[in-house]
Amino acid sequence: MEPESGEAAPPPPCAEPPGSPDVLAFDDDEEDLEVFSKDASLAEANPFSPLIPTSPLSMINHYKFEDEPGLRDLFITVDDPESHITAIETFITYRVATKTSRSEFDSSEYEVRRRYQDFLWLKSRLEEAHPTLIIPPLPEKFIMKGMVERFSEEFIETRRRALQKFLSRIADHPTLTFNEDFKIFLTAQAWELSSHKKQGPGLFSRMGQTVRAVASSVRGGIKNRPEIFMEMNDYMEIFTQKINLLDKISHRIYKEERDYFHEMKEYGPIHTLWSASEEDLVDSLKGVANCIDKCCKATEKRMTGLSENLLPVIHEYVLYSDILMGVLKRRDQIQAELESKVDALSTKKAEKDLLREEIGKLEDKVECANNALKADWDRWKQNMQYDMKSAFTNVAESNLQYYEQCLASWESFLTSQTVDLHLEEDSEDRP
């Protein structure tokens, strides 16, 4: 599901002052030692933007600008991880290479290095600028116990893919792709980015935003939530329950499959060793060992398919479920603010003119938030359905190949043993 978009002008943003969303500050010294940030929030959208679907399964690690010059105008690659060890921390940087034909960029190609905390900074800035849009999730802070070792090649590759997906989703989004901080992230050298970061809101400002958001939610629910958003909330409650259960069971299946794989690796060689002391069973024992070895390789291939094609997709939508619930609450907070001003209008006669002006602005803000959420909701559901179908199809194909390979190995062994038994019976029947 690749969007067909040529060079386009940035869409007009809905009015939302920066700094209004509920965004917590990040500890720059610690985030590079973690793996993902599950705390994600939503951003604002342009209600008139086209629905442009994106898919994690359709993302290519190495985009070639020349391949589709008429279809895309921004290509991003995350690769070449490098380890950095200092006296106080160990962290990984990644090369972020960009090719573009957009006129707002001064050059057509850029290459910068970014560490994990830089991605966190970008996500937080997107949340601040677009508080009612669905910001893609970053890999979370804590790795799944027993899945990968910290800073192993597998861990670094898992994170690289997730960071690639994060930037690709932003690039494909009709509003986020034109965010100024996104452009700076892709083009600024390390010292320039560091200087730009210092211009953003500080810790106390963000803490104040969090306190205001919490206080707003404590004051009570809204009176007239539109039916469409009630349906969204009901849908997400069910989706969250099911996707979390699916994620939990899928990881358990993977762990059991891995344990089975390690047992099989020890199981086959035992038959080979035994054949050295059983002259009459040499062919049978070696045949069993060969079948087990083939099944072991097929199991390893199926595990790779699970870890690359199914588990990341399911877990990404676990993170998305939190994001969607958050954006619905954020929309409700905007409507609650409008309703409180309307209520105040009937009691504060002296301030009616000022309140009417504030109510007019809030009505526009609510309408913009509603349109933004509805547009992003449709886009997200299209992506989710496509990604899930693709992941399940890949798993089905992988399972078919696995069982066909194992079945062929054991059928071949069984045929050879049947022939040997018939030969032995014929030799015994001869006088």
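Going by the structure shown, is Val327 of a type outside the set (D, E, K, R), in a helix (DSSP H, G or I) and closer than 20 Å to Ala391 by Cβ?
no
Please identify the pairs in which a residue from segment 277-289 that is closer than 22 Å to Glu263 by Cβ has its Cβ atom under 7 Å from the Cβ atom of a residue that is modelled with pLDDT of 90 or more and open to solvent by 100 Å² or more (accessible area, probe 1.4 Å), counting only partners at least 6 apart or on another chain.
Pairs that qualify, where the first residue is closer than 22 Å to Glu263 by Cβ and the partner is modelled with pLDDT of 90 or more and open to solvent by 100 Å² or more (accessible area, probe 1.4 Å), are Leu285/Trp274.
Here are some residues: Leu133, Leu122, Leu126, Leu138. Which one is modelled with pLDDT of 95 or more, closer than 28 Å to Gln382 by Cβ and not charged (D, E, K, R)?
Of the residues listed, the single one that is modelled with pLDDT of 95 or more, closer than 28 Å to Gln382 by Cβ and not charged (D, E, K, R) is Leu122.
Residue-by-condition table, conditions (1) touching a strand residue (DSSP E or B) at 6+ places or on another chain (Cβ under 9 Å); (2) open to solvent by less than 10 Å² (accessible area, probe 1.4 Å):
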{"residue": "Lys297", "(1), (2)": "no, no"}
{"residue": "Glu300", "(1), (2)": "no, no"}
{"residue": "Gly305", "(1), (2)": "no, no"}
{"residue": "Glu308", "(1), (2)": "no, no"}
{"residue": "Ser321", "(1), (2)": "no, yes"}
{"residue": "Leu324", "(1), (2)": "yes, yes"}
{"residue": "Arg331", "(1), (2)": "yes, yes"}
{"residue": "Gln335", "(1), (2)": "no, no"}
{"residue": "Val342", "(1), (2)": "no, no"}
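Out of (1) of a type in the set (D, E, K, R); (2) outside any helix (DSSP H, G or I); (3) at pLDDT 80 or above, the odd one out for Arg150 is which?
(3)
What are the residues in segment 153-167 that are at pLDDT below 90 and hydrophobic (A, V, I, L, M, F, W, C), if any?
Residues satisfying the conditions are Phe155, Ile156.
If the Cβ limit is 8 Å and pairs must be 6+ apart or interchain, which residue in segment 381-394 that is under 21 Å from Asn233 (Cα atoms) pairs with which residue that is of a type in the set (Val, Ile, Thr) and surrounded by 13 or more Cβ atoms within 10 Å (Cβ to Cβ)?
From segment 381-394, the pairs are Asn383/Thr54; Met388/Val313.
Considering only segment 344-376, how many residues are under 32 Å from the mean Cα position of the chain (by Cα) and open to solvent by less than 90 Å² (accessible area, probe 1.4 Å)?
Of the residues in segment 344-376, 11 are under 32 Å from the mean Cα position of the chain (by Cα) and open to solvent by less than 90 Å² (accessible area, probe 1.4 Å).
Could you run through segment 186-243 and say how many residues are modelled with pLDDT of 90 or more, more than 30 Å from Thr93 (Cβ to Cβ) and of a type outside the set (A, V, I, L, M)?
Adding up the residues that qualify gives 12.
Report, by residue number, each residue of segment 93-142 that is touching a Lys or Arg at 6+ places or on another chain (Cβ under 8 Å) and either acidic (Asp, Glu) or surrounded by fewer than 18 Cβ atoms within 10 Å (Cβ to Cβ) (or both).
Matches in segment 93-142: Arg95, Glu104, Phe105, Ser108, Glu109, Glu111, Arg113, Glu140, Lys141.
The values are calculated or read from the model by the stated rules, or taken from the named source; none is laboratory data. Note that the structure is predicted; figures quoted are calculated from it, not measured. No Cβ is skipped: glycine too gets one built from the backbone with ideal geometry, and neighbour counts run over all protein chains shown. When the accessible area is computed, the model is the full protein with side chains, heavy atoms only, and any ligands, DNA or RNA have been set aside. Shrake-Rupley method; radii C 1.70, N 1.55, O 1.52, S 1.80 Å.
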